[in-house]
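Take a look at the structure set out below.
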Amino acid sequence: MNKGKIIVIAAPSGCGKSTIINALLERGDLNLGFAVSATTRPPREGEVDGVNYYFMSVEDFREAIAEGEFVEYEEVYPGRLYGTLKRELDRITDTGLNVILDLDVNGALGVKAIYGSQALTVFIEPPSISELRNRLESRGTETPENIDERIDRAEYELSRAVHFDRRIVNDNLGMAIDQTHNLIQGFTAQ
Ligand code: ADP
Ligand code: 5GP
């Protein structure tokens, strides 16, 4: 793949990355196509296969790894695999769009290592861990155990933020959307 730019958004779970990405896609002025990831986690209520994720069995995911179908993949939570399919990136770039990806920190830095200056990594930070917990609780999609698991991982993810090209704090949502929009606009215009 050598066309278009790649924008990678990473953040601790519950920080607001899907909300920000969806707002940017709705604005529609950045020529962005969202790269749908594959995952072995079950769909949340309202999630649609092929829109939010390609939901796969562990067996199918492992087979896709063996066939070399992923640009990158990670076991983000124990037993939960997530990965970026090569054919998904091609699907988007073939239409002339820039790609926007929602990845965990390791996936994000892995994509940067492959694509270099063609990729921009953006880390979205929460105002605090307690606010992150509030957002995960009010989203209402996770069990208490899953929330604890996600908060534990957030500490590790925040320690990786220094390696990203840019960092944005999602305190006021409107401001975070505008800042992310402006960053991407500047990067894709280069
Ligand atoms: P992520 O994709 O990073 O896991 P979401 O986009 O699902 O996070 O956001 C988690 C929850 O926090 C959602 O209920 C969302 O509406 C809410 N949220 C997002 N940004 C803010 C913000 N700036 N202030 C308050 N709540 C927010
Ligand atoms: P969730 O289960 O909340 O949808 O996502 C959990 C985490 O997995 C988030 O940090 C999200 O960014 C990450 N993630 C989603 N898709 C991928 C992917 O394709 N690769 C990697 N490395 N992480 C992903």
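The values are calculated or read from the model by the stated rules, or taken from the named source; none is laboratory data. Given the structure is predicted, the values throughout are model-derived calculations rather than measurements. Cβ coordinates were reconstructed from backbone atoms using ideal geometry, including for glycine residues, and neighbour counts include every protein chain displayed. When the accessible area is computed, the model is the full protein with side chains, heavy atoms only, and any ligands, DNA or RNA have been set aside. Shrake-Rupley method; radii C 1.70, N 1.55, O 1.52, S 1.80 Å.
Per-structure values
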{"item": "Residues whose placed amide H lies under 5 Å from that of residue 70, excluding near-sequence neighbours", "result": "86"}
{"item": "Gaussian network model of the chain, springs between alpha carbon atoms under 10 Å - residue of 40, 180, 95 with greatest fluctuation", "result": "95"}
{"item": "For the chain, accessible area per residue (1.4 Å probe, heavy atoms of protein chains only), Å²", "result": "49 Å²"}
{"item": "Cross-link reach list, lysines versus residue 3, counting only Cα pairs under 23 Å and skipping chain neighbours closer than eight places", "result": "86, 112"}
{"item": "With 10 Å bins from 0: P(r) over the chain, alpha-carbon pairs, percent", "result": "9, 37, 40, 14, 0"}
{"item": "For the chain, built as a Gaussian network whose Cα springs stay under 10 Å, the top-fluctuating residue of 43, 78, 127", "result": "78"}
{"item": "Virtual spin-label span in nm between residue 113 and residue 146, 7 Å along Cα→Cβ", "result": "2.9 nm"}
{"item": "Gained length - residue 49 relative to residue 77, 0.36 nm times residue gap less alpha-carbon distance", "result": "8.1 nm"}
{"item": "Of the DSSP H helices in the chain, those whose Cα atoms cover at least 20 Å axially and whose Kyte score averages -0.5 or more", "result": "173-189"}
{"item": "Surface share of carbon and sulfur [accessible, 1.4 angstrom probe, percent] for the range 59-154", "result": "45 percent"}
{"item": "The chain: most fluctuating residue of 170, 146, 98 per GNM, C-alpha cutoff 10 Å", "result": "146"}
{"item": "Cα centroid of the range 23-86 to Cα centroid of the range 89-103, whole Å", "result": "13 Å"}
{"item": "The chain: relative contact order as a whole-number percent, Cα under 8 Å and 6+ apart", "result": "33 percent"}
{"item": "Estimated FRET transfer efficiency (residue 189, residue 131; beta-carbon r; R0 22 Å; 0.05)", "result": "0.10"}
